[in-house]
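Report on the following structure.
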Amino acid sequence: MPHLGLSPEEWQAVALSARVALCATLVCLPLGIGAAYLLTRRGFPGRLILDAFVQMPMVLPPVVPGYLLLLLFGTQGPIGGWLKTHFGIVIAFTWQGAALASATMAFPLMVQPVRLALRMMDGRLEQAASTLGAPPWRVFFSVTLPLAIPGIITGAVLCFTRSLGEFGATMAFVGNIPGVTRTLPLAIYSYSHVPGGEAPALRLSILAILLALVALLASHLISRRAERLLGYRAHAEP
Amino acid sequence: MLSLDLTARRGEFELRARAEFGTGVTGILGPSGCGKSTLLALIAGLLHPERGYIRLADEALVDTQQALFAPAWRRHMGLVFQDGLLFPHLSVRGNLRYGYRGLPPGERRLGFETVTDLLEITPLLERRPAQLSGGERQRVALGRALLYSPRLLLLDEPLASLDQRLKEQILPFLRRVKEEIGIPMIFVTHSQEEVDYLADHILPMTPGRLGQDLAPAR
């Protein structure tokens, strides 16, 4: 493994962060697309409540969702206890728990761009598809989803980078256990509190900045390419 | 063929329509904003009427008294929109095949090449909608609806967004579709010239009203 001047413990934190962020993004993708679709295309009672609930993690102090996750998914909690007695699964204080905390916090960032993409889309294209005999599921997969791709990519990248940076909820839900739940931000925090930790803290901070820049650049390039493929830009005759 | 008697509401606007449509081409002629597009959307199944019924041959598509409403995708009609509404992420071929692909082969009444030749769009198949001119786009939209072998073809001012030269380019294609394929059509327009050229029967429409025996709108 290339070390780039990082110690094994520092690498462990980076690799753990990547794993947690990837899992959180994979969880958020289908759920976020579903929520965005419900919020833009379907009128139902309780829509405002769902809307507020989806936005909530963005406006709450992160430690609050983290604490609620601990109450629900802790081994004594209603869901955590049930999972433990029936499946022997423990989420609290594991890396899977860190992924759950990250997913919860990053969820609004997944939903928002997809929602915007759906709202900007000409809904009559979906109507055109239905007059061509496409049942709702086919309209969704053949028209709605492909046309929302730029928003989905942006959402996934924001979700991934937000998960890389997750701190408060992770700390409250799964703690700061080296090699288990000590992700990049938690490692930086820990290093900054011990004597002689300035250098590793700075190295990891620079790495975090680089990762964020790369992710933003990648999302920009990918969504621009997707927009061109979707015909959002007029192009010259071949 | 198609018969309807209904009341629909869109915000402040109220539409009352009662009519029988035969085979051939029926032209609905009326000024902009009289509810022509609303009427077609009701027939296609994109809007729910407040009350009334729509029947195609012996099949009830909508009957509010029986709480019956067949969704658009089960009605097997073609609708050509004013601005074509081609799928921007699909090639011309992908657009043309969209409805065609979903049909069981036995229900495909027109061959793919028959339609692309008739509309002279064969050279455009690999292009994207963004690379088409307005007239080409409308021909592809018409081809997409035809390849779905609809029981009834609804045309919502398909020429309105085109200039005079392009109109004259498309009208003969519509006439060819009428003469060579014989699908019943309902053609909505505000142009007397177009209905004279294309329609077998003409139904005049006034704001919010279709059907001569109905009281005019307030």
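Between A:W82, A:W137, the distinction of being farther than 21 Å from A:I177 by Cα, among the aromatic types (F, W, Y) and within 14 Å of chain B (Cβ to nearest Cβ) belongs to A:W137 only. Can A:P62 be described as touching a residue at least 60 places away in the same chain (Cβ under 8 Å) and closer than 30 Å to B:A145 by Cβ? No: the conditions fail for A:P62. Across the range A:90-113, not a single residue is classified as in a helix (DSSP H, G or I) and either within 14 Å of another protein chain (Cβ to nearest Cβ) or free of Cβ contacts under 8 Å to residues at least 24 places away in the same chain (or both). Candidates are the residues of the range A:119-134 that are more than 7 Å from chain B (Cβ to nearest Cβ) and outside any helix (DSSP H, G or I); the one that is surrounded by the fewest Cβ atoms within 10 Å (Cβ to Cβ) is A:D122.
Of the residues making up the range B:59-70, those that are under 22 Å from B:G102 (Cα atoms) and either at pLDDT 95 or above or among the hydrophobic types (A, V, I, L, M, F, W, C) (or both) are B:L61, B:F69, B:A70. Considering the range B:130-139, and only residues there that are within 20 Å of the chain's Cα centre (by Cα) and closer than 28 Å to A:P135 by Cβ, the residue that is farthest from the other protein chains (Cβ to nearest Cβ) turns out to be B:R139.
The residue that is modelled with the highest pLDDT, counting only those in the range A:210-238 that are within 8 Å of another protein chain (Cβ to nearest Cβ) and surrounded by fewer than 14 Cβ atoms within 10 Å (Cβ to Cβ), is A:R233.
Let's see how each residue does on (1) closer than 30 Å to A:L68 by Cα; (2) not in a helix (DSSP H, G or I):
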position: A:A169; (1), (2): yes, no
position: A:N176; (1), (2): yes, yes
position: A:L186; (1), (2): yes, no
position: A:H193; (1), (2): yes, yes
position: A:A201; (1), (2): yes, no
position: A:L217; (1), (2): no, no
position: A:A226; (1), (2): no, no
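Close contacts from the range B:189-210, counting a first residue that is on the phi > 0 side of the Ramachandran plot and a second that is among the aliphatic types (A, V, I, L, M) and surrounded by 20 or more Cβ atoms within 10 Å (Cβ to Cβ), with Cβ to Cβ under 8 Å and a gap of 6+ residues or different chains, come to B:G208/B:L15. Name the residues in the range B:55-67 that are assigned to a loop (DSSP other than H, G, I, E, B) and either within 18 Å of the chain's Cα centre (by Cα) or facing chain A (nearest Cβ under 9 Å) (or both), would you? Correct list: B:A57 only. Taken over the range A:197-233, the criterion of being among the aliphatic types (A, V, I, L, M) and within 30 Å of A:S142 (Cα to Cα) is satisfied by A:A215, A:L216, A:L217, A:A218, A:L221, A:I222, A:A226, A:L229, A:L230. For the range B:110-129, the candidate set comprises residues that are assigned to a helix (DSSP H, G or I) and within 12 Å of another protein chain (Cβ to nearest Cβ); within that set, the residue that is nearest to B:H89 (Cα to Cα) is B:P129.
Residues of the range B:50-59 being in contact with a strand residue (DSSP E or B) (Cβ under 6 Å, 6 or more places away or on another chain) and within 20 Å of A:G133 (Cα to Cα), which ones? B:I54, B:R55, B:L56 - these are the residues of the range B:50-59 that are in contact with a strand residue (DSSP E or B) (Cβ under 6 Å, 6 or more places away or on another chain) and within 20 Å of A:G133 (Cα to Cα). On the given criteria, is B:P88 within 17 Å of B:L147 (Cβ to Cβ) and not polar (S, T, N, Q)? Criteria not met by B:P88. Of all residues in the range B:180-218, those satisfying the criterion of being modelled with pLDDT of 85 or more, assigned to a helix (DSSP H, G or I) and under 17 Å from B:L142 (Cβ atoms) are B:E194, B:Y197, B:L198. Restricting attention to the range B:1-45, the residues that are among the small types (G, A, S), crowded, with 20+ Cβ neighbours inside 10 Å and assigned to a strand (DSSP E or B) total 3. When B:L125, B:L162 are checked against the criterion of being on the phi < 0 side of the Ramachandran plot and at pLDDT 90 or above, B:L125 stands alone in meeting it. Each residue in the range B:68-109 was checked for being of a type in the set (V, I, T) and more than 10 Å from chain A (Cβ to nearest Cβ), and 1 pass. Selection over the range B:1-29 of residues that are at pLDDT below 90 and in contact with a Phe, Trp or Tyr (Cβ under 9 Å, 6 or more places away or on another chain) gives a count of 1.
A search for C-beta distances below 6 Å between a residue of the range A:202-230 that is touching a residue at least 12 places away in the same chain (Cβ under 8 Å) and farther than 18 Å from A:L158 by Cα and any residue that is among the β-branched types (V, I, T) and assigned to a helix (DSSP H, G or I), counting only pairs 6+ apart in sequence or on different chains, returns A:L204/A:I188; A:S205/A:I188. Between B:L85, B:L96, the distinction of being modelled with pLDDT of 90 or more and part of a helix (DSSP H, G or I) belongs to B:L96 only. Only one of the numbered conditions (1) within 30 Å of A:S17 (Cβ to Cβ); (2) free of Cβ contacts under 8 Å to residues at least 40 places away in the same chain; (3) buried (at least 24 other Cβ atoms within 10 Å of the Cβ) is violated by A:L116, and that is (3).
The values are calculated or read from the model by the stated rules, or taken from the named source; none is laboratory data. If you're wondering where the values come from, they're calculated on a predicted model, not measured in any experiment. Reconstructed Cβ throughout: ideal geometry from the backbone, glycine too, with neighbour counts over all protein chains shown.
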